[in-house]
Structures are given as structure tokens and as C-alpha cells.
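None of the figures in this text is laboratory data; all of them are computed from the coordinates on show. Note that the structure is a prediction, hence the values are computed from the model and not measured. Cβ coordinates were reconstructed from backbone atoms using ideal geometry, including for glycine residues, and neighbour counts include every protein chain displayed.
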Amino acid sequence: MNLFTAEEYGALAPLFRPDYPGYRPTVLERPNGDQHTDVGKRYLHVALKYTPPGHWAHAYLARAHFEACRVAEAMGVPDAFYPRVTDGTLRVLDYPAGVGSAEHTDFDLFTIHCYRSHPDDFQRLDRVDPTLEAIDPDVHLGELAEHLGLGKATRHRVPARPYTQQAIVYFAIPSHSTRLPGGLTVGEWLKERMTRSLVYT
């Protein structure tokens, strides 16, 4: 988990402010679309849709996306489903003491762990694929990868601890216009999945 440092987390953390559009403190997550809601977790997104051209945070987004391209190339991801920076998202996470995340799988193609203050506290609940681990041990597959037959989405969780946990991850996502084997576009599928998983307070 060396892509970013604690100092770089500190540089991104000031975006936890009401006027930054990528931070929405009134939106809670039900990661699996069920009744298990993550309460107390804070997160913000760095993405091209939230920041104007040339925004300083784009350098962090670009670094994570370059790593996603390397991983996708090594995995043999089909060209149509190659990650796009215009659709990818860098997520900055803050878990206060006593707060964790429910067991879940991610929506994306794959997730890159860019930084974690307590790496051992992230729990993968499925066997790690040795081929993927050889490509990058800080990557796990999401539900889109499973739809494409690239492997099983990894169940994982962040258990609550008596101390603060901080993390940065990158969600690698193909073009929203690409059509999945089931007929929906990536964008349509994500919209339906998020409708089941976001709670507006």
C-alpha cells in the first residue's frame, strides 16, 4: 500500500469540507444493498466530475489511474472494459474510533489500495487469487469483474477499532457506455446498484 503516504493523505483530507462537491456527508452507504448501513464512516471522492480542469488533486487521481492501467494490462482486461480516468474515482476514507464497514463487495472492475493507516485491519474474506496477487497484492476484484468472468468479487470489511483508521482507494471503472454481457451498459448497471446502496439523510 505504498502508492500514497500518510502525508499525502493529509494533503487530501482538507477536502472533507461542505463546499467540496465530492464530499457528501448526508449520503450513507449500504454496501450490499441490504439493511446493513455504514454509520459514522466519512468518505470523499476525487474525480474529474467533481473538480475543474487543472485542479491540484488531479495529480493524485492520475497516479492511481496509471497503476490501474498497469493492472488491467497484466490481467488481460478486454479493451472495451479498460479502466477510464473519466469514470474512475479516488476515494479518501476516514473511520473514527469505533467505526468500521460492513462486509461487502465493491461495484467496480477492481479496487487499488493506495494507502491505509493500519493495513492489517483490512480483512479480505475470500481466498486471494495468486495470479492477481502477483500482479499487485494491493488489488481486489469488484462485481463488474465478476460479470465479465475475470474472477470472483472479493468480500471484505473494515472492522471497528478503538482508534481512527484512514485509507485511500481507487475504483477502476470502464466507460459507462460499454455494454455488459447481460445487456445493460456499465452506467445503467452502476446506477441500479447505487440506487440500492445509497441512503440520503
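Reducing region 11-43 and region 135-151 to their Cα centroids gives an inter-centroid distance of 24 Å. Global size of region 53-103: 14.6, 42 Å for Rg and Dmax (C-alpha atoms, Rg to one decimal, Dmax whole).
A straight Cα-to-Cα reach below 15 Å connects K49 with the aspartates and glutamates D19, D87, residues fewer than 8 places away in its own chain not being considered.
Projecting the Cα positions of T195, A68, V99 onto the charge dipole of the chain (unit charges on Cβ atoms of Lys, Arg, Asp and Glu, taken about the Cα centre) puts T195 furthest along the positive direction. Relative to the Cα centre, the charge distribution of the chain, modelled as +1 at Lys and Arg Cβ and -1 at Asp and Glu Cβ, gives a dipole magnitude of about 460 debye.
Computed on the Cα atoms alone, the convex hull of region 11-120 gives a volume of 137 cubic angstrom per residue.
Divide by every residue of the chain the summed helix terms, -39500 (n - 2.57) for each DSSP H run of at least 4, and state the resulting mean residue ellipticity at 222 nm, rounded to the nearest 500 deg cm²/dmol. Before the final figure, lay out each step's value.
Details: 5 runs with 48 residues, N = 201.
Counting only the DSSP helices, I get -7000 deg cm²/dmol.
Highest mean packing comes first when the peptides 10-23, 163-176 are listed by Cβ atoms within 10 Å, giving 163-176, 10-23. Each pair of Cα atoms in the chain enters the Kirkwood radius, and Stokes-Einstein at 20 °C and 1.002 mPa s then converts it into a translational diffusion coefficient of 125 µm²/s.
Ranked by the mean number of other Cβ atoms within 10 Å of their residues, highest first, the peptides 117-128, 135-146, 38-49, 100-111 come out as 100-111, 135-146, 38-49, 117-128.
For region 70-119, with only Lys/Arg (+1) and Asp/Glu (-1) charged at the beta-carbon, what is the dipole magnitude about the Cα centre, in debye rounded to 20?
Taking the Cα centre of region 70-119 as origin, the dipole is about 160 debye.
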